[in-house]
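S.K.: Structure in structure tokens, see below.
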């Protein structure tokens, strides 16, 4: 399709008739001359006159065509395909989408990818005219419209581009394109354009595709900012294991390192920092496109909150070379052992209170229902109900809140419980199922048949050659379902030990009693470490709650604080040292704060009257660390129905966009044709031709 960028020049087309008019008005009238003989003239007319007239006709056509082509050349003709021709005089509404996700911090020999994007954005401004409307949007997983009203002020837009920083967020192409589409659909301009400047990482294209514009004349220019292959190394995960971290006891901190590149990496240094000090390091080799899990064994004797990070040596993308973590080291694990009478608590108390242990990490309180002593579940970390037949409604509600808040519960079922009452008060509330029957054998017994040695409670026994020989004289039959995890079975395949998540807490259900009447486990060497592991496992859920969770940058974080902090001045200190006041929410005996100021990775501290009462870590989303780029073919499929124009890093941005916007200009070609025709006209006019008679 041919169009013209300077259509006013087309008004000069009639000038191409000037040679014809001159020819018509300058023709001389024929004069009559008397000759003695016209025989020679007749011979001349037959042999020469026809050639002269044909030649003059050709010259006339050439002269008209030369003027015609000169007019066409100055009208700037263009050739385009199916996208149509944009009028140079029509107003343009454009949205510039500049990607500043953290992957654009990747350093190249030309600066960071974001720096390249800024330079390309400023180059874009040159193509806009005074009456155009331009909107500048910086995007990552969030959007920021830098100029609320569209403008043609190139200087103001250039200053806005200059100040764009690299963010710590991921990429969301869908959200950015949807915003631009909505912005342009409300525009009345004839020409509508979107400019997407990005590294085009695969992780930024979510879903299967986007629906196209209703207005098919809208063009999407995708400006790729870097064309060479990128390599990146990153720490994508940290973990402190599934065991409770105990004072002066060895524990393991783990990190997962990933090589996202196609090259093998050798002797990569990985370091562990704990409480701002480097405490360990190692060298690793990584195969292309591979991950490696590393463990560092540490001990700690300081009670309270601890923080740290894993770090790898510098590469082209620095921001994802560090990953933060926090953990809590409790002074004591507070345990409530609650039974109907003292004999129900006897063996549990012995297991949790070894003789002559001065620095023991359990703080145990033993209470019986019959004693009438008041107790509050919220004051403990783990509650053990041993052969408790039922609880009052108030205690049940308190136990419900305790579990939902992250507390741990161990249920031991003795033969003295009222099965009907226990089902109604406890089992239906916390398990949604009923115990079917009590199984007792006066002459025989059942033994342990299968144990889940991968579970934290039993992992210490994994190297044992066989399952401990524990005899069960009585137990309860309980139906299995997908909400519970069976940790141990009897040889008859009946479950004997189960786990269930409840709110933020956990419940361990032992379908026998903690006494010698129900089984001989209480007399076995297996029993004491079993009880310890159960309590430590449940308390870990409480103490690690929120500390070891991998919060991501930009995520709203909710923290639960001690109710005693209510009324104190709470504030948040982010990794840069910036302070924010927090407004707590106190409900159902829980004190919570919601934190939205999570724009950068690092350690965040919550202070109450100037003292640190909570810490948590924020990290980058590892999906953005994968720098694989979506191909043009994949992008076209994703944006099926869109009018997409690709601009590669090596392309001249202004020329590429003008060629796409206005088509390929043919003015020079027409001028060369004019020069050719002038040469031909000059040649013909000089080769004779005779006079008109």
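The values are calculated or read from the model by the stated rules, or taken from the named source; none is laboratory data. It should be emphasised that the depicted structure is a prediction, and the values quoted were computed from it without experimental measurement. A quick note on method: Cβ atoms are made from the backbone with ideal geometry, for glycine too, and the neighbour counts reach across all protein chains shown.
S.K.: Please state which of the following conditions residue 157 fails to meet, knowing it meets all the rest: (1) modelled with pLDDT of 95 or more; (2) outside any strand (DSSP E or B); (3) under 21 Å from residue 632 (Cα atoms).
M.R.: Going through (1) modelled with pLDDT of 95 or more; (2) outside any strand (DSSP E or B); (3) under 21 Å from residue 632 (Cα atoms) one by one, residue 157 breaks only (3).
S.K.: In segment 477-493, is there at least one residue being within 24 Å of residue 538 (Cα to Cα), touching a strand residue (DSSP E or B) at 6+ places or on another chain (Cβ under 9 Å) and touching a residue at least 60 places away in the same chain (Cβ under 8 Å)?
M.R.: no
S.K.: Just give me the residues in segment 324-349 being in contact (Cβ under 8 Å) with a residue 60 or more places away in the chain and touching a helix residue (DSSP H, G or I) at 6+ places or on another chain (Cβ under 9 Å), in sequence order.
M.R.: 327, 328, 329, 330, 333, 335, 346, 347, 348
S.K.: From 253, 268, grab the single residue that is part of a strand (DSSP E or B) and under 16 Å from residue 313 (Cβ atoms). Walk me through how you get there before you give the answer.
M.R.: Values: 253 fails: under 16 Å from residue 313 (Cβ atoms).
Criteria check complete, one pass: 268.
S.K.: Give the residue, chosen from 227, 209, 204, 175, that is under 20 Å from the mean Cα position of the chain (by Cα), touching a residue at least 60 places away in the same chain (Cβ under 8 Å), farther than 30 Å from residue 299 by Cβ and surrounded by fewer than 22 Cβ atoms within 10 Å (Cβ to Cβ). Lay out the reasoning, then the answer.
M.R.: Numbers: 227 fails: under 20 Å from the mean Cα position of the chain (by Cα); 204 fails: surrounded by fewer than 22 Cβ atoms within 10 Å (Cβ to Cβ); 175 fails: touching a residue at least 60 places away in the same chain (Cβ under 8 Å).
Exactly one of 227, 209, 204, 175 is under 20 Å from the mean Cα position of the chain (by Cα), touching a residue at least 60 places away in the same chain (Cβ under 8 Å), farther than 30 Å from residue 299 by Cβ and surrounded by fewer than 22 Cβ atoms within 10 Å (Cβ to Cβ), namely 209.
S.K.: Can you confirm whether segment 107-119 contains a residue that is assigned to a loop (DSSP other than H, G, I, E, B) and under 30 Å from residue 599 (Cα atoms)?
M.R.: Scanning segment 107-119 turns up at least one residue that is assigned to a loop (DSSP other than H, G, I, E, B) and under 30 Å from residue 599 (Cα atoms).
S.K.: So, one more: Has segment 422-436 got any residue that is at pLDDT 90 or above and in contact with a helix residue (DSSP H, G or I) (Cβ under 7 Å, 6 or more places away or on another chain)? Lay out the reasoning, then the answer.
M.R.: Our first condition is that a residue be at pLDDT 90 or above; within segment 422-436, this holds for none.
Scanning segment 422-436, I find no residue that is at pLDDT 90 or above and in contact with a helix residue (DSSP H, G or I) (Cβ under 7 Å, 6 or more places away or on another chain), so the answer is no.
S.K.: Hey, among the residues in segment 437-454 that are modelled with pLDDT of 85 or more and in a loop (DSSP other than H, G, I, E, B), which one's nearest to residue 495 (Cα to Cα)?
M.R.: If we take residues in segment 437-454 being modelled with pLDDT of 85 or more and in a loop (DSSP other than H, G, I, E, B), then 452 is nearest to residue 495 (Cα to Cα).
S.K.: Moving to a separate point now. Can you pull out every residue in segment 303-323 that is outside any strand (DSSP E or B) and touching a residue at least 40 places away in the same chain (Cβ under 8 Å)?
M.R.: Our first condition is that a residue be outside any strand (DSSP E or B); within segment 303-323, this holds for 303, 313-321.
Hits for segment 303-323 are 303, 313, 315, 316, 317, 318, 319, 320, 321.
S.K.: Could you say which residue among 388, 457, 383 is out of contact with any helix residue (DSSP H, G or I) (no Cβ under 7 Å at 6 or more places or on another chain) and either assigned to a loop (DSSP other than H, G, I, E, B) or buried (at least 21 other Cβ atoms within 10 Å of the Cβ) (or both)? Write out each step before concluding.
M.R.: Numbers: 457 fails: out of contact with any helix residue (DSSP H, G or I) (no Cβ under 7 Å at 6 or more places or on another chain); 383 fails: out of contact with any helix residue (DSSP H, G or I) (no Cβ under 7 Å at 6 or more places or on another chain).
After applying the criteria, what remains is 388.
S.K.: For residues in segment 1-22 being closer than 14 Å to residue 65 by Cα, surrounded by 15 or more Cβ atoms within 10 Å (Cβ to Cβ) and modelled with pLDDT of 75 or more, which is nearest to the chain's Cα centre (by Cα)?
M.R.: 12
S.K.: Going through 400, 463 one at a time, which residue ends up being free of Cβ contacts under 8 Å to residues at least 12 places away in the same chain, within 42 Å of the chain's Cα centre (by Cα) and either more than 26 Å from residue 539 (Cβ to Cβ) or not in a strand (DSSP E or B) (or both)?
M.R.: 463
S.K.: Tally the residues that are in contact with a helix residue (DSSP H, G or I) (Cβ under 6 Å, 6 or more places away or on another chain), surrounded by 18 or more Cβ atoms within 10 Å (Cβ to Cβ) and at pLDDT below 75, restricting the search to segment 652-693.
M.R.: Selection size over segment 652-693: 0.
S.K.: Scan 549, 506 and give me the residue that is under 19 Å from residue 244 (Cβ atoms), in a loop (DSSP other than H, G, I, E, B) and touching a strand residue (DSSP E or B) at 6+ places or on another chain (Cβ under 8 Å).
M.R.: One residue alone meets the criteria, 549.
S.K.: Which condition breaks for residue 525 when tested against (1) in contact with a helix residue (DSSP H, G or I) (Cβ under 8 Å, 6 or more places away or on another chain); (2) closer than 24 Å to residue 364 by Cβ?
M.R.: Of everything listed in (1) in contact with a helix residue (DSSP H, G or I) (Cβ under 8 Å, 6 or more places away or on another chain); (2) closer than 24 Å to residue 364 by Cβ, residue 525 misses just condition (1).
S.K.: From the list 564, 539, which one is in a helix (DSSP H, G or I), closer than 30 Å to residue 397 by Cα and assigned by TED's automatic domain parsing to the domain that holds residue 591?
M.R.: Of the residues listed, the single one that is in a helix (DSSP H, G or I), closer than 30 Å to residue 397 by Cα and assigned by TED's automatic domain parsing to the domain that holds residue 591 is 564.
Residues are listed down the side, and each one gets a yes or a no for (1) more than 25 Å from the chain's Cα centre (by Cα); (2) crowded, with 19+ Cβ neighbours inside 10 Å; (3) at pLDDT below 90:
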| position | (1), (2), (3) |
| --- | --- |
| 554 | no, yes, no |
| 560 | yes, no, yes |
| 595 | no, yes, no |
| 608 | yes, yes, no |
| 617 | no, yes, no |
| 633 | no, no, no |
| 650 | yes, no, no |
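S.K.: Quick one: in segment 298-339, of everything that is closer than 24 Å to residue 102 by Cα and out of contact with any strand residue (DSSP E or B) (no Cβ under 7 Å at 6 or more places or on another chain), which residue is surrounded by the most Cβ atoms within 10 Å (Cβ to Cβ)?
M.R.: Kept after step one, since they are closer than 24 Å to residue 102 by Cα, are these residues of segment 298-339: 307-326.
Next, from what is left, pick out any that are out of contact with any strand residue (DSSP E or B) (no Cβ under 7 Å at 6 or more places or on another chain): 314, 317-319.
Working: 314: 11, 317: 24, 318: 12, 319: 18.
So, considering only residues that are closer than 24 Å to residue 102 by Cα and out of contact with any strand residue (DSSP E or B) (no Cβ under 7 Å at 6 or more places or on another chain), the one surrounded by the most Cβ atoms within 10 Å (Cβ to Cβ) is 317.
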